[in-house]
1. Among the residues of the range 101-137, how many are in a loop (DSSP other than H, G, I, E, B), charged (D, E, K, R) and surrounded by fewer than 16 Cβ atoms within 10 Å (Cβ to Cβ)?
2. Count, please, the residues in the range 196-210 that happen to be free of Cβ contacts under 8 Å to residues at least 60 places away in the same chain and either in contact with a strand residue (DSSP E or B) (Cβ under 8 Å, 6 or more places away or on another chain) or crowded, with 22+ Cβ neighbours inside 10 Å (or both).
3. Please indicate, with yes or no, whether at least one residue in the range 180-196 is within 26 Å of residue 113 (Cβ to Cβ) and either assigned to a strand (DSSP E or B) or out of contact with any His (no Cβ under 8 Å at 6 or more places or on another chain) (or both).
4. Considering only the range 138-148, I want to know if a residue exists there that is touching a strand residue (DSSP E or B) at 6+ places or on another chain (Cβ under 7 Å) and outside any strand (DSSP E or B).
5. Of the residues 123, 156, 152, 132, which is under 21 Å from residue 75 (Cβ atoms) and aliphatic (A, V, I, L, M)?
6. Kindly list the number of the only condition in (1) touching a Gly at 6+ places or on another chain (Cβ under 8 Å); (2) modelled with pLDDT of 95 or more; (3) in a helix (DSSP H, G or I) that fails for residue 98.
7. Could you give every pair whose Cβ atoms fall below 7 Å, whose first residue belongs to the range 148-171 and is at pLDDT below 95, and whose second residue is outside any helix (DSSP H, G or I), counting only separations of at least 6 or pairs across chains?
8. Run down 240, 306, 290 and say which single residue is in a strand (DSSP E or B) and crowded, with 18+ Cβ neighbours inside 10 Å.
Amino acid sequence: MNILVTGGAGFIGSHVCGELLRAGHRVLAVDDFNDFYDPGIKRRNLAAFGGGCNCETLDIRDAAAVDRVVGSDRWDAIIHLAARAGVRPSVLDPGLYIQTNIVGTHHLLEAARRHGAGRFVFASSSSVYGLAPGVPFREDMPLVQTLSPYAATKLAGEHLCGNYSHIHGLRVVCLRFFTVYGPGQRPDLAIHKFTRAIDRGEPIPQFGDGSSRRDYTYISDIVQGVTGALDYKDRMFDIFNLGENQTTTLRDLIAHLEEALGKKARIEQHPEQPGDMPLTSADIDKARRFLGYRPSTPIALGIPKFVEWYLNNEKRS
C-alpha cells in the first residue's frame, strides 16, 4: 500500500511508520517539526529508518501545502496522527489547538476527498469521554461534556471525519488512544518525565492524591490497532477504542517505576489540574472483534521495557 502518515516523525507516528515499512508498504511521513519539544528527537526517530522512509516538512494548518502533498500521489490510506497534544497546554493556548487539530484536520479531509484517498485513519483520544457516565468507556456512549480544549478538538475531528464519510463517501476509521507509552515516548509525558526525575533523584510532581486512574497502553499494542484499521471494511465510518483494558492508579504507576529503576521517588504534591480526567478505562471488545486487536503488554511488563530503553538510550544522550 501507498500510505501517507501525518505526524510521522513523532512518538506514535515513527513507530507506525517503522511497522508499515517492515510490512513492505511505501510510506511518506509528514511533520512540521515544531518546538513543542526538541525537534531533534523527531529527526533522530526518522534517522533510525536509515533513509527507508521519505519525509516532508508540512504544517497541516497550511491548506495549500496540504493539498499539494496529498495531491502529489495516489494514497491507499492517510493515517492522520499529527496534532497539538496535551491537555494542560491546551488550556493555556486553546486557539493553537483549534487551528491545528480542527482546521488542520479539515484541510486533510478536504484534500483526501479531492484527490481520492482510499481511506482515512484518524487518531483521536480517550479524553473525548470527559464526563461520560460509567466505565469502562464504550464507543457508543453519549459524550456529554469534554474537560479540556484538547479533548474538544479531538471530538470535533471525529465529527468532521463522520461528515466527510457521510457526505463524500470517504472511508474513515477513528481510533481513540488511551495514554500511550513506550520507547521513544515524548519527554513531557508523565512516564518519561517521572522516570527521568526518579533516576536523577529529583522530585516528581504528583497532581492530586495519587488515586487518579489511567488505562496505559503500550506503543506496540497501539501500532497493532492502527495497522488493523487499514484492513477494516465493515462500515464506511467507525470508531474504536485502543487501550490495554486495565487501569492503574498514579500511585501504583510510580511504584512500578520505582521497582524498575531500583530507586525511591521523591513526591512533590500538587493540586489536581484543570482539564485532567480522574479516570480512563477502555472497553476494547469492539476493536477485538473488528480489528483483531490483541493488546499483549500490561503495565507490569511495559514499564520495565520502557525503563530499559531509557537507561540504554535516553540516559546516555
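1. So the count comes out to 0.
2. 1
3. No: the range 180-196 contains no residue that is within 26 Å of residue 113 (Cβ to Cβ) and either assigned to a strand (DSSP E or B) or out of contact with any His (no Cβ under 8 Å at 6 or more places or on another chain) (or both).
4. Within the range 138-148, one or more residues are touching a strand residue (DSSP E or B) at 6+ places or on another chain (Cβ under 7 Å) and outside any strand (DSSP E or B).
5. 123
6. Residue 98 satisfies all of (1) touching a Gly at 6+ places or on another chain (Cβ under 8 Å); (2) modelled with pLDDT of 95 or more; (3) in a helix (DSSP H, G or I) except (1).
7. Between residues of the range 148-171 that are at pLDDT below 95 and residues that are outside any helix (DSSP H, G or I), there is no close pair.
8. Criteria check complete, one pass: 240.
The values are calculated or read from the model by the stated rules, or taken from the named source; none is laboratory data. Source: prediction; values computed, not measured. Every residue, glycine among them, receives a Cβ derived from its backbone with ideal geometry; neighbour counts consider all protein chains shown.
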